[in-house]
Amino acid sequence: MLKRLLTVAMVVLFTLSLGTMVLADEIKGTIAAIADKEITVKSKDGKEVTVNISSKRTAIKGAARADLKAGTKVTMTHDGKEAQTIEVREAK
């Protein structure tokens, strides 16, 4: 019984993790604006995405949070409301 319960729990966790990956959108571009809890990234084709930044849930790679400035090239994954990852591709 315990083995079956653990198997079901693992399947549920795996399914939920796939759902999170599918729901994430990605944008590559430059930071157009950044405030205390919000970031706007503009892609080469002019599309802008503005989402919240969470100090606990947003992973920032390649720079410190304080180093994120307008003009910095980044790749950002988001769910439409909040940034999940911000990866600095080229610091300004």
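Values quoted throughout were computed directly from the atomic coordinates according to the rules given, and no laboratory measurement underlies them. If you're wondering where the values come from, they're calculated on a predicted model, not measured in any experiment. No Cβ is skipped: glycine too gets one built from the backbone with ideal geometry, and neighbour counts run over all protein chains shown.
Kirkwood radius and radius of gyration were both taken over the C-alpha atoms of the chain, and their ratio Rg/Rh is 1.15. The calculated 222 nm mean residue ellipticity attributable to helices in the chain amounts to -8500 deg cm²/dmol, summing -39500 (n - 2.57) over DSSP H runs of n ≥ 4 and dividing by all residues. Listed by chain and number, the aspartates and glutamates whose C-alpha is less than 19 Å from the C-alpha of K28, apart from same-chain residues fewer than 8 away, are E38, D45, E48, D67, D79, E82, E87, E90.
Extending 7 Å from the Cα toward the beta-carbon at both A66 and L5 defines two label points whose distance is 4.9 nm.
Distances between placed amide hydrogens fall under 5 Å for E38 paired with I53, all partners being 5 or more residues away or on another chain. Residue pairs exceeding 27 angstrom between C-alpha atoms, taken from K3/K61; K47/K81; K3/K81: K3/K61; K3/K81. Whole-Hz Karplus values for region 69-76 come out as 9, 4, x, 6, 7, 9, 10, 10 Hz, taken residue by residue from phi with 6.51 cos²θ - 1.76 cosθ + 1.60 and θ = phi - 60°; glycine and proline positions read x. So for the chain, averaging the separation of alpha carbon pairs under 8 Å that are six or more residues apart and normalising by length, what relative contact order in percent results? Relative contact order here is 27 percent. Within the shell of other residues whose beta carbon sits under 12 angstrom from the beta carbon of D79, the net charge comes to -1, with Lys and Arg scored +1 and Asp and Glu -1. Distant-in-sequence amide contacts of E82, defined by a placed amide H-H separation under 5 Å and a gap of 5 or more residues or a different chain, comprise N52.
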